[in-house]
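Nothing in this text is a laboratory measurement; each read-out follows from the coordinates by a stated rule. This one's a predicted model, so the numbers in the text were calculated from it and none came from an experiment. Every residue, glycine among them, receives a Cβ derived from its backbone with ideal geometry; neighbour counts consider all protein chains shown.
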Amino acid sequence: MNKLLAALIAGLFVAAASAQTATPAKAAASAAPAAAPAKKEEAKVDAKAEAKKAKEEKAAAAKKAKEEKAAAAKKAKEEKEAAKKAKAEAKPAAKKEEVKK
């Protein structure tokens, strides 16, 4: 009888222990989906930061290209004016030589 009583009590302990471990396991499983939205939001923040950085880099590249284009146009204009000035200076010298001949 003692063995039977001991077996029944041991069974109760085992049943109680297994019932208690199932509940926290479900709570842990519930915590995992809660972490997923946090990862999603973190990924969104990272994506927004990357998009902002890419946009700034694109704007900086466009600004640099615009400045380079303006500098090239200014240089071409200066060269054109220098060529025009050289041409104008060359004409009187050519006329003076003709007059001397």
Using a basic spin-label model with each label point 7 Å from the Cα along Cα→Cβ, how many nm lie between ALA73 and LYS58?
2.3
Please list 3J(HN,Hα) in residue order for the stretch 72-86, calculated via the Karplus relation 6.51 cos²θ - 1.76 cosθ + 1.60 where θ = phi - 60°; whole Hz, with x for glycine and proline.
5, 5, 5, 5, 4, 5, 5, 5, 5, 5, 5, 5, 5, 5, 5
Two pseudo-spin positions, 7 Å from Cα along C-beta at LYS84 and at LYS48, lie apart in nanometres by 5.4
³J(HN,Hα), Karplus 6.51/-1.76/1.60, whole Hz, each residue of the stretch 8-17, x for Gly, Pro
5, 5, 5, x, 4, 4, 5, 5, 5, 5
